[in-house]
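Student: What follows is a structure written as structure tokens; I'll ask about it next.
The values are calculated or read from the model by the stated rules, or taken from the named source; none is laboratory data. Everything numeric here is computed off the predicted structure, so don't read it as measured data. Every residue, glycine among them, receives a Cβ derived from its backbone with ideal geometry; neighbour counts consider all protein chains shown. The protein model used for the area step is the full one, side chains on, heavy atoms only, and it has no ligands, DNA or RNA in it. Shrake-Rupley method; radii C 1.70, N 1.55, O 1.52, S 1.80 Å.
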Amino acid sequence: MRYGPQHYDGVYIVGTGSFLPGEPVDNEAMDRYISPLDPGSVRLKRRVLADNGITTRHYGIDPEGEARYTAAQMGALAVESGLAHAGVKLSDITFLAAATSGGDVLMPGFANMLQGELRGPPMSTRSHHGICGAGIGALTDAANHVGTGNHTRAVVAAVEFPSRLLRKSRYTSLIGRPTFDAEFLRWMLSDGAGACVLSSHSEAASGTALRVDWIHTKSFSGDYPPCMQLGTATEASKRSFMDYESFASAERAGALLLRQDLRILPQLFEVAVHEYAELVRAGHVIPEKVTHFLAHYSSEKLGKVCDELMRTAGLHIQRERWFSNLTRRGNTGSSAIFIQLADLMRERSLLPGERVLCFVPESGRFSVSFVMLTVVPGSGKGSPKRGGSAHAPVAPPHDPGGSTKGLIKDTLQGLASIWHEYRSGIWHTPFVAKILGGKLTRQDYLRWMETWIPQVQEGTRWMRQAVADLPDAYADLRDLIHQHADDEHGDFMMLFQDYRRAGGTIASVNDLRRNAGGEALNAYMHGLAREPLPVGLLGGVYIIEGTGQRIIPALLPSIRQQLALPEECYRFLRYHGENDPSHLARWLNAVELVLATPNENAREHAHSIMTTAKHVAALYTLQWELL
């Protein structure tokens, strides 16, 4: 079931604050705090830093590994900074929401520990535990209470202190060397705290406030396994650190190491951008009207991935409008978006009416959050602070307008929305649940191959049939499809050879049979191919090629791990994942060719493409359901 953002009336961010412990630590000086374990660790550090682009960060530990602050102290300093910026006293606050992935103690809640550190008066408190999205959870909680009138002023704080877990001594006591997934985050994370003050009035002492228009959060934890976690010794382990005979034995086993599964991490931004596309489609976000885009991403490389995905979907926000402090502040998890807001309000000249879109994806078990803010004049005394360099408003990107351009954009966004629902449906099928649950057998894999091979075999046939009689006005489309059919002509035989190497017993490819879902899909595609101008097929191919690009690569590592078959059994799956990005790009180009061809039927073509995509998504899901 779809749902939209939570809208607010009369909720304002009137002050922001941050605290970053110690002096900035550059990449060389990192070794004084987070020491490499061995030469392999040095190489990993170099590789990770090259990707994440971070040049300085802050640590709350000293070079000897001793904590210079508590998490509660860092949170208190950020809150005090935010209160001063707002011109509000702590005694005026009646609601405190705090977030962290790990405070100083397991109990009591972090918000209560923070209130104690602040020596705050009696107030309502809420503790939010999680990873990057926990901060937005705290913000939502506070905005709900201010928006309903339960509280006039509230404070939100988020604190991260991962360096205590990342110091070398945590790793040298292990039984064996830590795996890549357990060492990767040592070079990614750092410490910091951020806060904001919410009010029912725009009473900002700085002269500038941010009106909270809406907040949207959605978790996809039912679709994906954990991607980032702390508390088990391996990614697949079901044994909690609480189940060991002692915490010491849990630590020796590696159950208290932060882990990141990089095999499924790229899926996060694909999911997040599709959710963003839904917000655009519903009119909640108009990309060209976003003045400042604050995206929380863990590396500059992923920032580029996010940018490219937005471009592909026709939802691009100019890079000049992006505001990021990742390279100089580091990745501070749930506190990062609040530290960004604090820097934004001090470093850019914000003008009334400007829109600020905040984007927070969380890799823990995949969730995404968006916050839309509008700059408004503060009702307090004083003028906006103008720290740093001035930032002139950026004009909206040039858009030629025109019905064709707009139609292409609307169609691509519509396809993205259809894909979003299809992907989630596939991840909930029994077959994929077996893979994700570690219960896949060789017979399951072979049954999948037996139903899939004849579908792949038919693909080039209905493609060639579809373009056989295309009018000359679609000559470019005809050539593109012939090229694609040529590229994929022998794919089914490669897949059949993989099947045989994996132990498949059916000797002839012609004896394989599709299941009922596959039969229905094949009949549907051949039926469309016989129509005079079957452009709707492009929508179907978008789903089919997208499955190869986005779903198969995400499943392949788990399939490999569970079946332990020779690598030669996975040639087609590897090839499909490596080449389908270019294949999918080719089909998106085909959609543009069709819709850009001058004729009065362009809108009818667009409708046909999206309708076919919906039907193929349903039939392809049925094929997976019946495996």
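Student: Against the 2.2 N^0.38 Å scaling, with N counting residues, where does region 210-345 land? I'd like the Cα-based Rg ratio to two decimal places.
Tutor: Its radius of gyration relative to the 2.2 N^0.38 Å reference: 1.28.
Student: Obtain the nm distance between the two label points defined at Ala516 and Arg603 by a simple spin-label model: each point lies 7 Å from its Cα along the Cα-to-C-beta direction.
Tutor: It works out to 3.9 nm between the two label points.
Student: Translational D (Stokes-Einstein, µm²/s) of region 257-314 at 20 °C and 1.002 mPa s when Rh comes from the Kirkwood sum over C-alpha pairs?
Tutor: Roughly 169 µm²/s, to the nearest whole number.
Student: Separate question: Report, to two decimal places, the Cα Rg of region 97-213 normalised by 2.2 N^0.38 Å (N = number of residues).
Tutor: 1.31
Student: Moving on. By how many degrees, 0 to 90 and rounded to 10, does the Cα axis of helix 403-427 deviate from the longest principal axis of the chain?
Tutor: 90
Student: Find the percent of Cα-Cα distances in region 186-287 that exceed 20 Å, and round it to a whole number.
Tutor: 65
Student: Three principal axis extents, largest first, for the C-alpha atoms of region 415-481, in Å?
Tutor: Principal extents (largest minus smallest coordinate, Cα): 52, 29, 12 Å.
Student: Please work out the Kirkwood hydrodynamic radius for region 450-507, using every pair of different C-alpha atoms, and report it in angstroms with one decimal place.
Tutor: One decimal place: 12.7 Å for the Kirkwood radius.
Student: A further question follows. Within region 272-373, list the GluC sites (Glu not before Pro) lying in a DSSP loop whose Cβ has at most 12 other Cβ atoms in a 10 Å radius.
Tutor: Listed in order of number, the matching sites amount to none.
Student: So, one more: Put one equal scatterer on each alpha carbon of region 310-369, apply the Debye formula with no solvent term, and list log10 I(q)/I(0) at q = 0.15, 0.20, 0.30 1/Å to two decimals.
Tutor: The Debye formula, applied to the Cα set alone, gives -0.57, -0.98, -1.34.
Student: I'd like the carbon and sulfur percentage of the solvent accessible area for the chain, probe radius 1.4 Å, heavy atoms only, ligands and nucleic acids excluded.
Tutor: Result for the chain: 52 percent of the exposed heavy-atom area is carbon or sulfur.
Student: Rounded to two decimals, what is Rg over Rh for region 148-191 when you use alpha-carbon atoms and the Kirkwood radius?
Tutor: Result for region 148-191 is an Rg/Rh of 1.33.
Student: Here's something else I'd like to know. First select every other residue whose beta carbon is under 11 angstrom from the beta carbon of Arg365; then total the charges, Lys and Arg +1, Asp and Glu -1.
Tutor: With Lys, Arg at +1 and Asp, Glu at -1, the net is -3.
Student: Now a separate question. In whole Hz, with x marking every Gly and Pro, tabulate ³J(HN,Hα) for region 125-135 from phi via Karplus 6.51 cos²θ - 1.76 cosθ + 1.60, θ = phi - 60°.
Tutor: Ordered by residue, 3J(HN,Hα) equals 10, 9, 9, 10, 10, x, 10, 4, x, 4, x Hz.
Student: Any chance you could give the angle, 0 to 90 degrees and rounded to 10, that helix 71-86 forms with the longest Cα principal axis of the chain?
Tutor: Its long axis makes an angle of about 80 degrees.
Student: Any idea what the relative contact order of the chain is, in percent, if you count C-alpha pairs under 8 Å spaced at least 6 apart?
Tutor: The value is 15 percent.
Student: Further question on the same structure: Please compute the per residue accessible area over the chain with all protein chains in place, 1.4 Å probe, rounded to a whole number of Å².
Tutor: With all protein chains present, the chain gives 40 Å² per residue.
Student: What number, in nm² with one decimal, is the all-direction average of the projected area of the convex hull of the alpha-carbon atoms of region 487-539?
Tutor: Here the figure is 5.0 nm², rounded to one decimal.
Student: Right, something else. For log10 I(q)/I(0) by the Debye sum over Cα atoms at q = 0.06, 0.10, 0.12 Å⁻¹, the listed values are [x] -0.37, -0.97, -1.25; [y] -0.32, -0.93, -1.37; [z] -0.51, -1.60, -1.86; which was obtained by calculation from the structure presented?
Tutor: For log10 I(q)/I(0) by the Debye sum over Cα atoms at q = 0.06, 0.10, 0.12 Å⁻¹, the calculated option is [x].
Student: Hey, got the dipole for region 1-105? About the Cα centre, +1 on K and R Cβ, -1 on D and E Cβ, debye to the nearest 20?
Tutor: For region 1-105, the charge dipole is close to 400 debye.
Student: Name the trypsin sites (Lys or Arg not before Pro) in region 45-93 that are in a loop by DSSP and that have at most 13 other C-beta atoms within 10 Å, would you?
Tutor: Taking region 45-93 and a limit of 13 other Cβ atoms within 10 Å, the loop trypsin sites (Lys or Arg not before Pro) found are Arg68, Lys89.
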